[in-house]
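Input: a single structure, listed below in structure tokens.
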Amino acid sequence: MKRFPVLQSENLNRENVEIPTQLRGEVNLVLVAFQQWQQGLIDGWIPFLESLVKEHDRFDYYELPTIRKMNFIYRRFIDGGMRAGIPSETTRGRTITLYIDKDPFKDTLDITTEETIYLYLIDKKGTIFWEAEGSLSEEKAISLETTLRDILDAK
């Protein structure tokens with residue numbers, strides 16, 4: 001079974017976070033984006049994900065903007081720009097920028113292009129229970145919600 005890799009990073013509230021072990025939910029959806037314009041794809045998912053958070057107290061979600069490794073000054077500049085655009089402390093806490101060597105990360109998750117977003121429903125061990133790519137659709141929403149219910153009912 002494919003696993004989401006363990007990664008150390010910082011959310012936009014400047015808190016260190018180890019993914020997936022320190023994510024808030026027992027089960028979490030992570031949304032991986034590679035390009036700034038993909039925020040629109042992520043934003044299309046948020047109202048649906050917020051409804052799932054309200055319905056399932058053991059579920060949460062995180063945005064993972066994924067950028068190549070760079071030095072501290074550039075990271076601070078990019079994170080500062082993102083932080084300034086996000087007034088909500090909760091949303092900043094759910095946004096964890098990954099400054100990583102992208103190729104091994106993409107290889108682990110079988111990501112073949114950076115032209116869309118990728119979504120993974122994972123537990124704290126990184127087990128991937130569900131995955132999808134791209135914008136929200138009714139089919140993806142039903143599939144995600146069904147999988148989430150099955151996991152939470154089994155625990």
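Mind checking the full-extension length gain between GLU139 and PHE48? Use 0.36 nm per residue of separation minus the Cα-Cα distance, one decimal, nm. Don't skip to the end; give the middle numbers.
Working: separation 91, 0.36 × 91 = 32.76 nm, distance 1.27 nm.
Here the segment from GLU139 to PHE48 would lengthen by 31.5 nm.
In this structure, the amide hydrogen of ILE117, modeled 1.01 Å from its nitrogen in the peptide plane, lies closer than 5 angstrom to those of GLY134, counting only residues at least 5 positions away or on a different chain.
Each Cα pair under 8 Å and six or more residues apart adds its sequence gap; the mean of these over the residue count of the chain is a relative contact order of 35 percent. Phi angles across segment 92-109 convert, under the Karplus curve 6.51 cos²θ - 1.76 cosθ + 1.60 with θ = phi - 60°, into 3J(HN,Hα) values of 4, x, 8, 10, 10, 7, 9, 9, 9, 6, 5, 4, x, 4, 5, 4, 4, 9 Hz, Gly and Pro given as x.
Rounded to the nearest 20 debye, what is the charge dipole size of segment 93-155 about its Cα centre when +1 sits on each Lys and Arg Cβ and -1 on each Asp and Glu Cβ?
For segment 93-155, the charge dipole is close to 400 debye.
Across 5 Å bins from 0, what is the distribution of all Cα-Cα pair distances for the chain, in whole percents? Binned Cα distances yield the sequence 2, 9, 19, 24, 22, 15, 6, 2, 0, 0.
Please give the net charge around ARG149, taking every other residue with its beta carbon less than 12 angstrom from that of ARG149, where Lys and Arg add +1 and Asp and Glu add -1.
Numbers: positive: ARG58, LYS155; negative: GLU55, GLU145, ASP150, ASP153.
For residues surrounding ARG149, the net value is -2.
Farthest towards the positive end of the charge dipole of segment 7-154, among the residues HIS56, VAL30, ALA132, is the Cα of VAL30, using unit charges on the Cβ of Lys, Arg, Asp and Glu. Distance check, please: which entries in LYS54/LYS106; LYS2/LYS125; LYS54/LYS125; LYS106/LYS155 exceed 21 angstrom between their Cα atoms? With Cα atoms farther than 21 Å apart: LYS54/LYS106; LYS54/LYS125; LYS106/LYS155.
Over the chain, what is the percentage of antiparallel beta bridges among all DSSP beta bridges, to the nearest 5?
Working: 18 of 29 bridges.
Within the chain, antiparallel bridges account for around 60 percent of the total.
Around GLU131, under 13 Å between beta carbons, what's the net of Lys plus Arg minus Asp minus Glu among the other residues?
Values: positive: LYS2, ARG3, LYS140; negative: ASP110, GLU133.
Net of charged neighbours comes to +1.
Which of these, ASP43, ASP123, ASP103, has the largest mean-square fluctuation under a Gaussian network model of the chain (Cα springs below 10 Å)? Residue with maximal mean-square fluctuation among ASP43, ASP123, ASP103: ASP103. Sequence gap at least 6, Cα distance under 8 Å: using those rules, report the relative contact order of segment 1-43 to the nearest whole percent. Here the relative contact order equals 24 percent.
Put simply, when 112-119, 138-145 are sorted by average Cβ atoms within 10 angstrom per residue, most first, you get 112-119, 138-145. Each stretch of four or more DSSP H residues adds -39500 (n - 2.57); spread over every residue of the chain, this sum gives -12000 deg cm²/dmol at 222 nm.
Rule-based calculations on the coordinates, nothing more; no lab input. Nothing here was measured: the structure is a model prediction, and the numbers come from that model. Here Cβ is always computed from backbone atoms with ideal geometry, including for glycine, and neighbour counts include all displayed protein chains.
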